[in-house]
Amino acid sequence: MERTDLGRIVAFSDGVMAVAITLLVLNIDVPHLPSGREDELDDELFDLLPSLAAYALAFALVGRYWVIHHGFFERLRAFDGTLMTLNLVFLALIALMPFSTELVDRYSDEPISAAVFGATLGLAALVHLRMVRHVLTREFVRPHERGVPEPFGGAIALTLAVVFLLSVPAAFLSTLLAKLMWLSTIVLRYPLRRLAR
């Protein structure tokens with residue numbers, strides 16, 4: 001059944017993503033130094049750099065998903081139960097990001113941790129791509145903006161999803177290779193969009 005009260009879906013989605021992004025920073029512990037050893041704080045902070053890097057990467061990726069998701073829902077005139085279900089699956093994967101991030105931070109050299117991180121992002125991208133295809137098929141996009149969601153659901157979105165999913169087997173060859181693949185999705189997004197235009 002077609003419905004038009006999109007505000008509640010958008011508010012709920014924004015809330016889930018805000019909580020996921022907030023939880024990312026809770027994985028970083030402030031160093032606890034015994035009294036008299038405060039001069040070692042700089043070393044302790046230096047040791048936190050990998051955790052801060054994992055946080056920054058996850059924040060950038062979840063933030064990018066939020067921007068795409070927000071722009072996508074802005075262009076809709078209606079939705080149905082299928083879109084709500086797909087959106088819940090997408091949000092479930094986004095809510096897993098704090099876990100995936102802590103896993104890849106704590107076990108940075110373990111291939112399985114990198115594989116879980118890549119799989120979480122890749123599956124989220126595929127579900128979002130499926131949402132876009134669904135609304136285009138059902139004509140839930142406002143008539144004057146029918147071509148606009150294509151950047152969110154076209155070849156670029158599919159390419160990014162494939163990169164994340166390919167990082168899963170790549171992680172078992174090299175965790176560094178998998179991490180470079182994740183970074184490439186941030187760096188290459190803008191050149192790919194300009195090329196598509």
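Tabulated data for the structure shown
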{"read-out": "Rounded accessible area of residue 101 (nearest 10 Å², 1.4 Å probe)", "value": "10 Å²"}
{"read-out": "Residues of the chain: accessible area per residue with a 1.4 Å probe, Å²", "value": "54 Å²"}
{"read-out": "3J(HN,Hα) from dihedral phi, the stretch 126-143, Karplus parametrisation 6.51/-1.76/1.60, rounded to Hz, x for glycine, proline", "value": "5, 5, 5, 4, 5, 4, 4, 4, 5, 5, 5, 5, 7, 6, 8, 7, 4, x"}
{"read-out": "Accessible carbon and sulfur surface of the stretch 1-98 relative to its total accessible area, %, 1.4 Å", "value": "66 percent"}
{"read-out": "In Hz, Karplus ³J(HN,Hα) per residue of the stretch 87-102 (6.51, -1.76, 1.60; θ = phi - 60°; x = Gly, Pro)", "value": "5, 5, 5, 4, 5, 4, 5, 5, 5, 7, 4, x, 5, 4, 5, 5"}
{"read-out": "Restricting the stretch 63-139 to chymotrypsin sites (Phe, Trp or Tyr not before Pro) in coil, as DSSP defines it, with at most 15 other Cβ within 10 Å", "value": "107"}
{"read-out": "For residue 84, solvent-accessible area (1.4 Å; no DNA, RNA or ligand), Å²", "value": "70 Å²"}
{"read-out": "Tilt relative to the chain, helix 6-25 - C-alpha long axis, 0 to 90 degrees, to 10", "value": "10 degrees"}
{"read-out": "Separation in nanometres of the label points that stand 7 Å from Cα toward Cβ, at residue 166 and residue 18", "value": "3.7 nm"}
{"read-out": "³J(HN,Hα) computed for each position of the stretch 110-116 - Karplus, 6.51 cos²θ - 1.76 cosθ + 1.60, integer Hz, glycine/proline x", "value": "8, x, 5, 5, 5, 5, 5"}
{"read-out": "Which label in (1) 1.15; (2) 0.97; (3) 1.08 gives the computed Cα Rg over 2.2 N^0.38 Å", "value": "(1)"}
{"read-out": "Helix 175-187 vs. the chain, principal-axis angle (Cα, 0 to 90°, nearest 10)", "value": "50 degrees"}
{"read-out": "Assigned charges on the beta-carbon of Lys, Arg, Asp, Glu; the stretch 39-175 dipole about Cα centre (debye)", "value": "1400 debye"}
{"read-out": "Projected-area average for the stretch 7-79 over all orientations - Cα convex hull basis, square nanometres", "value": "6.0 nm²"}
{"read-out": "In Å², nearest 10: area of residue 142 left accessible to a 1.4 Å probe", "value": "90 Å²"}
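The values are calculated or read from the model by the stated rules, or taken from the named source; none is laboratory data. Remember, it's a predicted structure, so these values are computed and weren't measured experimentally. Every residue, glycine among them, receives a Cβ derived from its backbone with ideal geometry; neighbour counts consider all protein chains shown. Quick note on the areas: whole protein, heavy atoms, side chains included, nothing else; ligands and nucleic acids left out. Shrake-Rupley method; radii C 1.70, N 1.55, O 1.52, S 1.80 Å.
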